[in-house]
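Before any comments, here is the structure.
We did not get these values from a lab; they are worked out from the coordinates using the rules stated. Only a predicted model underlies this, so the values are computations on that prediction, with no experimental measurement involved. Here the Cβ is made from the backbone with ideal geometry for all residues, glycine too, and neighbour counts use every protein chain on show.
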Amino acid sequence: MMNAMACTNEPVTPPVFGDVTPVNINSEGFELLESMQGHWVGTNQVLSWEWDWFAFDYRAISPSHVFGIYEGGTMGNLLTSFFVTDFGGTRTIMARNGGVLSGIYRTSYFVLDSVRTEDGENYYRLVDAVGGAATMYMELSFRGNELAWNAYTSRLGENAMPTRHFSFRGSRQSNELASAAAQAVGFPQNESAWDFSDGFRVDYLYELPEEGIAKSASFLAQADNNDVFSLANQSGDPFRIQDHPRMGTLQVDIDRNAAIQEDQLFIYLSSEPLTDGSGYLVTEAFDSVLLFPDITGAENAFQFTYLHPGDYYLTVIADRNGDGFPGTGDITHPSERITIEPEGNHQISIANITVQN
């Protein structure tokens, strides 16, 4: 795997709070958008959690906006999109990062502030749009079809220095879906996807309770559920789910039979069927998985939000053996094909989870 240039090293000199100087993408850095495209498969570490297999599905949703999301299921989701904007008097690229985790909605905005190429590796850094690298930052390094992506956080300014929060290493498994999306929207173009030329409304920014000041370009809201639509409105987030073109939703309703009443369920969307015609798992197909939430035994439904339009295969797998992975002993059904229309709201019911693997 790649060196990731400086992507694996935290800064030696403490960064200065509020030091945010956007890169002018009329001169350099615009290619980041195109580089992000694709179905990335690799490993991921978030704090103390490690995934030996992880994936991101990055596709264009407008001429200047590329989007990917991790749907976690019961616990929530996490997205990061990259788009062209005007900020700080500069045409630049921003990242929108956040989601809903355990009833807490957060969206944070990052701005591209560093670009360099060294030994065939392209490096990009994006920093918190208010606090700069002193609050949060992410680094992405590309070498051919390989990506190293690290993120560092100070818990929105609570801690003195950002520390490693997230580390993904992966390869571009396929570019087929991304290429089709790019062609459909005329991507990439150097035009503003969302206007941040006036910055942010400071009265909506999250403030540290003990200090009463905002150290991050972050918007928060909290409720007893993970409803992204209502929480987005409460947070004051300026760029909400309904403002994202092309994205659809899919409501999956599951009729549990007696054998799987209390089992954890994996709800997979993939570009290839994960089972044969009889419902038996096809191991070789699992690198085609695009989204992979799971729900607890107390739940019978899940809604995919921010869903790219296109054709998918839906497979629900009951974790009968309780090992946390799909495999021998688990109960499945034949994968079902479904088409998501641009900005479409869809529903599907699954009631035939009966095939013992």
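Across the chain, Cα pairs under 8 Å and at least six residues apart give a relative contact order of 17 percent.
Please give the length that would be gained between residue 258 and residue 160 if that part of the chain were fully extended, namely 0.36 nm times their separation in residues minus their C-alpha to C-alpha distance (nm, one decimal). If you can, show how the numbers build up before the last one.
Values: separation 98, 0.36 × 98 = 35.28 nm, distance 5.20 nm.
Full extension of this stretch gives 30.1 nm more.
Dipole of the chain computed with +1 at Lys/Arg Cβ and -1 at Asp/Glu Cβ about the Cα centre; of 293, 331, 163, farthest Cα towards the positive end is 163. Quick note on region 65-182: its Rg to Rh ratio, both from C-alpha atoms and Rh being the Kirkwood radius, is 0.97. Once both labels are positioned 7 Å from their Cα atoms along Cα-to-Cβ, the gap between residue 197 and residue 51 label points is 3.8 nm.
What is the ratio of the Cα radius of gyration of region 1-149 to 2.2 N^0.38 Å, where N is its residue count, to two decimals? If you can, show how the numbers build up before the last one.
On the way: Rg = 15.2 Å, N = 149, 2.2 N^0.38 = 14.7 Å.
Ratio of Rg to 2.2 N^0.38 Å for region 1-149: 1.03.
Scaling against 2.2 N^0.38 Å puts the C-alpha radius of gyration of the chain at 0.99. Dipole check for region 159-215: with +1 at the C-beta of Lys and Arg, -1 at the C-beta of Asp and Glu, and the Cα centre as origin, the magnitude is about 460 Debye. A Förster radius of 51 Å combined with the Cβ-Cβ distance from residue 118 to residue 282 puts the calculated FRET efficiency at roughly 0.80. Helix 176-185 axis versus longest C-alpha principal axis of the chain: approximately 60°, rounded to the nearest ten. When a/c is below 1.5 the answer is rounded, else prolate if a/b is larger than b/c, else oblate, so apply that to region 208-357 with a ≥ b ≥ c taken from the square roots of the Cα gyration tensor eigenvalues. It is prolate, given that a/c is not under 1.5 and a/b is the larger ratio.
Enumerate the residues in region 263-306 having an amide nitrogen under 17 Å from the point lying 7 Å beyond the Cα of residue 349 toward its Cβ. Only 300-303 fall inside the zone, counting backbone N under 17 Å. For region 278-306, the residues whose amide N sits under 14 Å from a probe point set 7 Å from the Cα of residue 184 along the beta carbon direction are 306.
With charges only on Cβ, +1 for K and R and -1 for D and E, what is the dipole size of the chain about its Cα centre, in debye, rounded to 20? About 400 debye. Treating r as the C-beta distance of residue 204 and residue 31 and R0 as 45 Å, the FRET efficiency rounds to 0.90. Would you mind classifying region 262-344 by shape? Square roots of the alpha carbon gyration tensor eigenvalues, ordered a ≥ b ≥ c; an a/c under 1.5 is rounded, otherwise it is prolate if a/b is larger than b/c and oblate if not. Cα axes put region 262-344 in the oblate bin.
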